[in-house]
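What follows is calculated from the coordinates using simple rules that are stated; it is not laboratory data. Remember, it's a predicted structure, so these values are computed and weren't measured experimentally. Neighbour counts are summed over all protein chains in view; Cβ atoms, including those assigned to glycine, are modelled from backbone coordinates with ideal geometry.
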């Protein structure tokens, strides 16, 4: 199976997995083709299609080969369009392993190699057996650390391992179920026709009737109270269902989560059905964010995510391992930070506040939002608008004071940090050598108060994610921060 | 950091910059002495571009108005086109007045924005690669643009449009040299 001239082949079973991947890619066209050619001889088409892609899988397998050379891996693939790719071991950011139940049955694994280039993984090896993986890992990690690497992650020497209870808490806190429901709704909306609509309405009316039965057995006949009760029960039921869904999703994804540290790398193993093993070189971490939402605080927990320069940013393109600590007790905060980034002195972090006058500016923005958002209440009643404004105004005062009080930044010789947020508090740290461009921004409103904001750009950051963007600080302060960062990185080459 | 000073110095430069600084200060008052403006021809280029854009915008309602003989539509189309052109005409000058760039020990600075101002620093040793480009209108005035790419995400490419093509090449070579000399 392996010789140096012919290179390494994939595992013999891999046509099966390539086939699955191909089917996954083609499932939507096939489904659409089936729906649109209803009534005609679509079975023939489907059969032909299946035949072609399964033959394709076998051919793809035959033509895939990789070589482990002195300092790089060479991958050759393609039938008509040959593609040879060389990735130096040094440039490989992450090495991820995926193992579904089917993979486990055959004792094989899918390997994903990521470099700093954006978008898709640099190379996907689908699939090889564990012995080949071991060899690959040894090459990439350097020959010396041969023995201890291969042991399966034991919870005892881990930095963090999640118990069942913790994962349930994670499900409740993050409530990812909402996203799943939204995606599902969005998807079904596209295919929504009268039949489905009628079906859904039918279910809803059945549900209300069922609750109706429940309530009328307790004998409340007051119309208004009855209606409120009905909505209340509906909302609670929906929330519970969402939470249940979220917990199930969390369990599927994070069951048996173990994070271990070997030399310069973090290695996370997770997943209930599909096991996943992701390796993250610690030096390549571009930024680190601590999540501490209201629910996190109630449970006295935090979550830690990281951004690496590895390009895979969403799950469609490949495995992405951002959640280095999905959930952890707040008491472990410093300990975890020390483990994940040991070159930063985490005890020396001192927070500086924003400009205290900034809260008035936050308040103004909030009030303008309230004026606009509240307008539709005028349709309901003339009195509703002032009432809304009073409630919103009170909340805005609370919010803007709380925002300025809780937000802050920290800067020392090694790291810059920024925290903000009232309900979803987040706190991001960037080690200074990882900064790219630095911008001082000044809006017309800033100018009136001689304030400014400071933004730091890093590699691998997701658009819209929390990052170093410090608002409402004095202009001189912003320029001073900019100067001290640029002094620090002047003369240091950026090492991914 | 002095070899880039010799190129094009616009006579109107000093005049307008002192005026602007006196008027409203803050971020702009902090500019160093070796700051450079864009080439004044860039105003022309941007005005010609707005003229073309507003003509295209006028075209659709005009044709529709003439064909259907609703002259109100024609008037509205013309008015909108003219408005866009006027705003663009004034704005071209304004944004020129508020844009500077300069080189410092730590990297390339770009200061821009009339109302929302932004001073961006691209450190020399964070430059991954640079592009020099030239559009059809730029060619007429020998202008060009310099795009600096970093490994970042939000500001992954910082572009400087409306400088002489020659200046763009010069800046590029400075960026390259400085970036390499830093590689310790």
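A few remarks follow.
- Zone of residue A:405's modelled label, taken as backbone nitrogen in segment A:352-367 under 17 Å from a point 7 Å along Cα→Cβ: A:352-363
- Given R0 = 41 Å, the distance between the Cβ atoms of residue A:9 and residue A:238 translates into a calculated FRET efficiency of 0.20.
- Ranked A:108, A:181, A:456, A:344, criterion: other C-beta atoms within 10 Å, fewest first: A:181, A:344, A:108, A:456
- Of the peptides A:417-426, A:236-245, the order by per-residue mean of other Cβ atoms within 10 Å, starting with the highest, comes out as A:417-426, A:236-245.
- Highest average packing first - A:17-25, A:76-84, Cβ atoms within 10 Å: A:17-25, A:76-84
- Computed lengthening from residue A:164 to residue A:200, 0.36 nm per intervening residue step minus Cα-Cα distance: 9.5 nm
- Taking every residue in B:112-120 and counting other chain Cβ atoms within 10 Å of its Cβ, the average works out to 6.
- Modelled spin labels at residue A:211 and residue A:102, positioned 7 Å past Cα toward Cβ, are 4.1 nm from each other.
- Number of partner chain Cβ atoms within 10 Å, mean per residue of B:145-153: 5
- Per-residue Cβ neighbour rank within 10 angstrom, fewest leading, A:67, A:298: A:298, A:67
- Computed label-point distance, nm, for sites residue A:345 and residue A:131 using a 7 Å Cα→Cβ extension: 5.2
- Cβ crowding within 10 Å averaged over residues, with B:52-62, A:353-363 ranked highest first: A:353-363, B:52-62
- Residue order, fewest to most surrounding Cβ atoms within 10 angstrom, among B:115, B:91: B:115, B:91
- FRET efficiency, 1/(1 + (r/R0)^6) with R0 41 Å, evaluated for residue A:262 and residue A:58 via beta carbons: 0.60
- Mean partner shielding of peptide A:440-446, defined as the number of other chain Cβ atoms within 10 Å of each residue Cβ, is 6.
- Distance between segment A:332-364 and segment B:163-177 - C-alpha centres, whole angstrom: 40
- Virtual paramagnetic centre 7 Å along Cα→Cβ of residue B:30, amide N under 16 Å, in segment A:465-489: A:469-488
- Spin-label pair residue B:128/residue A:449, simplified geometry with 7 Å Cα→Cβ offset, distance in nm: 3.6
- Calculated FRET efficiency for the pair residue A:79/residue A:228, C-beta based, R₀ 60 Å, to 0.05: 0.40
- Straightening the chain between residue B:57 and residue B:157 buys 33.0 nm, computed as 0.36 nm per residue apart minus the Cα-Cα spacing.
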